[in-house]
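Let me begin by presenting the structure, written as structure tokens, before commenting on it.
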Amino acid sequence: MKLATFEVQTPVGAVERIGAVDESTADDETPAGEATLIDLTAAYGAALEAEGEPAPADLAHAHVPPEMIAFLERGDRAIADAREALEYAVETDAERGPGGAKIQYEPGEYDLLAPLPRPNSLRDFMAIEEHVQNSLEGEIDDVWYELPVYYKGNADSVVAPGETVQWPAYSSIMDYELEIAAVIGKRGRDIAAEDAEEYIAGYTVFNDFSARDIQGEEMKGRLGPAKGKDFANGLGPYVVPAEDIDVLEAPMTARIDGEIWSEGTVDEMYHSFADIIAHVSQSETLHPGDVIGSGTVGGGCGLELGKWLEDGSTVELEIEGIGTLEHTVLE
């Protein structure tokens, strides 16, 4: 199941909804934004209404909230209800839910947003040794092996799939980073590594756009990165529930203007997502909607390859089983 956040126009303005890709009419090759989406709240309400539930719309909003963080807060129950709603919509080809709510949205009838348009928080790690080694001039410090190090990104700068990224005026060296991100779906604190997987709701593609010139200057001051990262964070196009993807084996590819620049998998991670969650949650609470980036796969950015994005470059990051996240960068 591929979960989406999308926006539709109504007489009272734009409304955000939770959906799932109708995979009976789409596959992994279907571009983001060109798939039929099922409005999961409306579909769940339709299923309840068919069973004779007297207040199907109210109950549907409680079981399958139409906003991603509220949805995640319901944990496994929301994902199970979403599966039920999707199955009902596909099997019955139902068109309307309670109150006439539309269930199926075709391409052109919606705008695809990032699955978490505004995450609760955004942490990005540097967990893959090859990337770290390729990015340094010397040896990797021992602390990297001892601790999963990370920075906190700007949760307010998430860019939607297909959105143009306006490069900041203070930078002229444009770079992408090929990453996968875990989405937290359960509140927890002091989580043991062996229990950590139950806190991951799903995974999405993450493009950690990087202004390498200002990032380099910031890091000389032994703090950051900040302005080198905070202007744009690509997430999407969908969140795939953890049980629906073998995240360590999923092939990852970066294409720049159609040319493959990077390939890899996150089975190269020195620090696993479980170890990362255990580390972050020490004396600190994780919340549904927190996003945790894996760090870049080896050879997964221009810095490692010795080449940069150009004005007008189109970046496609693909993870098999999730989809392709595309953006064009402009100076």
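The values are calculated or read from the model by the stated rules, or taken from the named source; none is laboratory data. Only a predicted model underlies this, so the values are computations on that prediction, with no experimental measurement involved. Reconstructed Cβ throughout: ideal geometry from the backbone, glycine too, with neighbour counts over all protein chains shown. When the accessible area is computed, the model is the full protein with side chains, heavy atoms only, and any ligands, DNA or RNA have been set aside. Shrake-Rupley method; radii C 1.70, N 1.55, O 1.52, S 1.80 Å.
Scan (1) touching a residue at least 24 places away in the same chain (Cβ under 8 Å); (2) touching a Leu at 6+ places or on another chain (Cβ under 9 Å) for the single condition Ala127 breaks and write down its number.
That leaves (2) as the condition not met.
Among strands (runs of 3 or more DSSP E) lying entirely in the stretch 1-58, which contain 3 or more residues that are within 13 Å of Lys102 (Cα to Cα) and either of a type in the set (A, V, I, L, M) or modelled with pLDDT under 95 (or both)?
3-10
(1) open to solvent by less than 70 Å² (accessible area, probe 1.4 Å); (2) in contact (Cβ under 8 Å) with a residue 60 or more places away in the chain: which one isn't true of Glu197, the others all being true?
(1)
Quick one: in the stretch 228-255, of everything that is open to solvent by less than 10 Å² (accessible area, probe 1.4 Å) and hydrophobic (A, V, I, L, M, F, W, C), which residue is nearest to Glu218 (Cα to Cα)?
For the stretch 228-255, the residue satisfying everything is Ala232.
State which residue is nearest to Thr5 (Cα to Cα) when the search covers only the stretch 256-273 and only residues that are open to solvent by 60 Å² or more (accessible area, probe 1.4 Å) and not in a strand (DSSP E or B).
Step by step, filter the stretch 256-273, then rank; the result is Asp257.
Can Asp81 be described as acidic (Asp, Glu), without any contact (Cβ under 8 Å) to a residue 60 or more places away in the chain and either touching an Asp or Glu at 6+ places or on another chain (Cβ under 9 Å) or surrounded by 15 or more Cβ atoms within 10 Å (Cβ to Cβ) (or both)?
In short, yes.
Of all residues in the stretch 18-50 being within 14 Å of Glu106 (Cβ to Cβ) and of a type in the set (D, E, K, R), which is surrounded by the fewest Cβ atoms within 10 Å (Cβ to Cβ)?
Among residues in the stretch 18-50 that are within 14 Å of Glu106 (Cβ to Cβ) and of a type in the set (D, E, K, R), the one surrounded by the fewest Cβ atoms within 10 Å (Cβ to Cβ) is Glu34.
Step by step: first the residues of the stretch 154-209, then only those that are assigned to a loop (DSSP other than H, G, I, E, B) and hydrophobic (A, V, I, L, M, F, W, C), then the one that is farthest from the chain's Cα centre (by Cα). Which residue is that?
Ala169
If you check Leu303, Leu309, Leu330, which single one turns out to be in contact with a Lys or Arg (Cβ under 7 Å, 6 or more places away or on another chain), over 24 Å from Glu29 (Cα atoms) and modelled with pLDDT of 95 or more?
The conditions single out Leu303.
Considering only the stretch 278-315, how many residues are crowded, with 21+ Cβ neighbours inside 10 Å and in a strand (DSSP E or B)?
7
Based on this model, can you work out whether Asp142 counts as open to solvent by 30 Å² or more (accessible area, probe 1.4 Å) and either within 26 Å of Ile245 (Cα to Cα) or without any contact (Cβ under 8 Å) to a residue 40 or more places away in the chain (or both)?
yes
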